[in-house]
Amino acid sequence: MSDSGQVYLIGHNGLQNDLIAGHIASQLGLDCRIIDDLGKLPRMCIPNQQAKLLVLCDCRGWCSDDFQEFLNNIEPDVFSTSLMAFINLGVGLEIENIALGYGVRGFFYEVDSAASLIKGVDVLFSGDYWVSRQKIIDCLALGKNNASGPKKRRPVEKILTAREIEILSMIAMGGGNDAIAEKLCISPHTVRTHVYNIFKKIKVPSRLQASLWAAKNF
């Protein structure tokens, strides 16, 4: 982990947040600061893909309406110049699909361990997402259920072939290359070739990001 990263923890400067900030700093060598309002976040003119600024929003006690209001009031440039994740998220609120649509990249729950937080922050700085496989599957299922609704989705068929769509759907459901090959009666090498082409076409570096792309576009 590079020590050039910057973490801003949005929340009250209480004992728990002090401990979280100190733990991130000591474990990952990152400068972690606590501010009480998103409006105090410094603006950075760098692409999101190479961002070294991570925003952790303390969501203790938030309800679904609180999340919606918070997301609606975020300035667009926040997501283009920084990475954002929610911490101390209540279990069962089911706000992940909405938050992912806005650009939130990670979720840490109130029941998670300190070790999980450190691992997740490291993953976020590497450019990936920190979200459970089950949530990706839930998002994918929700997208299919709402396919006939008013929201316009990208014309997936113009980006991927029918076979690539089939394989990407299996990836999103957690399928590995060998399992996909067996189910489709093709060789693992052919699956790897399809996966490479899928990643290249939708411009993602990992199976997780491919799964999230599927959840948003299928």
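The values are calculated or read from the model by the stated rules, or taken from the named source; none is laboratory data. A quick note: this is a predicted structure, and the numbers were derived from the prediction, not measured. Neighbour counts are summed over all protein chains in view; Cβ atoms, including those assigned to glycine, are modelled from backbone coordinates with ideal geometry. For the accessible areas, the whole protein counts, side chains as well, though only heavy atoms, and no ligand, DNA or RNA atoms are used. Shrake-Rupley method; radii C 1.70, N 1.55, O 1.52, S 1.80 Å.
If only one of 104, 111, 78, 91 is part of a loop (DSSP other than H, G, I, E, B), under 22 Å from residue 52 (Cβ atoms) and free of Cβ contacts under 8 Å to residues at least 60 places away in the same chain, which one is it? Even if it seems obvious, please write down each step before you answer.
Numbers: 111 fails: under 22 Å from residue 52 (Cβ atoms); 78 fails: part of a loop (DSSP other than H, G, I, E, B); 91 fails: under 22 Å from residue 52 (Cβ atoms).
Sole residue among the options that is part of a loop (DSSP other than H, G, I, E, B), under 22 Å from residue 52 (Cβ atoms) and free of Cβ contacts under 8 Å to residues at least 60 places away in the same chain: 104.
I'm checking my understanding of the structure. Among residues of the range 140-158 that are touching a helix residue (DSSP H, G or I) at 6+ places or on another chain (Cβ under 6 Å) and open to solvent by 40 Å² or more (accessible area, probe 1.4 Å), which one is modelled with the lowest pLDDT?
Restricting attention to the range 140-158, the residues satisfying the condition of being touching a helix residue (DSSP H, G or I) at 6+ places or on another chain (Cβ under 6 Å) are 140, 142-143, 153-154, 156.
Pick out the ones that are also open to solvent by 40 Å² or more (accessible area, probe 1.4 Å) and you get 142, 153-154.
Values: 142: 65, 153: 51, 154: 58.
Among those residues, the one meeting the criterion is 153.
From (1) farther than 16 Å from residue 57 by Cα; (2) without any contact (Cβ under 8 Å) to a residue 60 or more places away in the chain, pick out the condition that doesn't hold for residue 98.
Every condition holds for residue 98 apart from (1).
Can residue 116 be described as of a type outside the set (Asp, Glu), modelled with pLDDT of 80 or more, farther than 21 Å from residue 79 by Cα and surrounded by fewer than 19 Cβ atoms within 10 Å (Cβ to Cβ)? Show your work before the answer.
Working: of a type outside the set (Asp, Glu): yes; modelled with pLDDT of 80 or more: yes; farther than 21 Å from residue 79 by Cα: yes; surrounded by fewer than 19 Cβ atoms within 10 Å (Cβ to Cβ): yes.
When the stated conditions are applied, residue 116 passes them.
Do you know which residues across the range 1-42 are in contact with a Phe, Trp or Tyr (Cβ under 9 Å, 6 or more places away or on another chain), closer than 23 Å to residue 112 by Cα and open to solvent by 30 Å² or more (accessible area, probe 1.4 Å)?
1, 33, 34, listed by residue number.
Could you list all residues from the range 37-65 that are at pLDDT 90 or above, under 13 Å from residue 12 (Cβ atoms) and charged (D, E, K, R)?
Correct list: 58, 60.
Residue 104 - would you say it is surrounded by 18 or more Cβ atoms within 10 Å (Cβ to Cβ) and at pLDDT 90 or above? Give the steps one after another, and end with the answer.
Details: surrounded by 18 or more Cβ atoms within 10 Å (Cβ to Cβ): yes; at pLDDT 90 or above: yes.
Against the criterion (surrounded by 18 or more Cβ atoms within 10 Å (Cβ to Cβ) and at pLDDT 90 or above), residue 104 qualifies.
Just the residues that are more than 26 Å from residue 98 (Cβ to Cβ) and either in contact (Cβ under 8 Å) with a residue 40 or more places away in the chain or out of contact with any helix residue (DSSP H, G or I) (no Cβ under 8 Å at 6 or more places or on another chain) (or both), please, taken from the range 187-218.
Across the range 187-218, the qualifying residues are 189, 193, 196, 200, 201.
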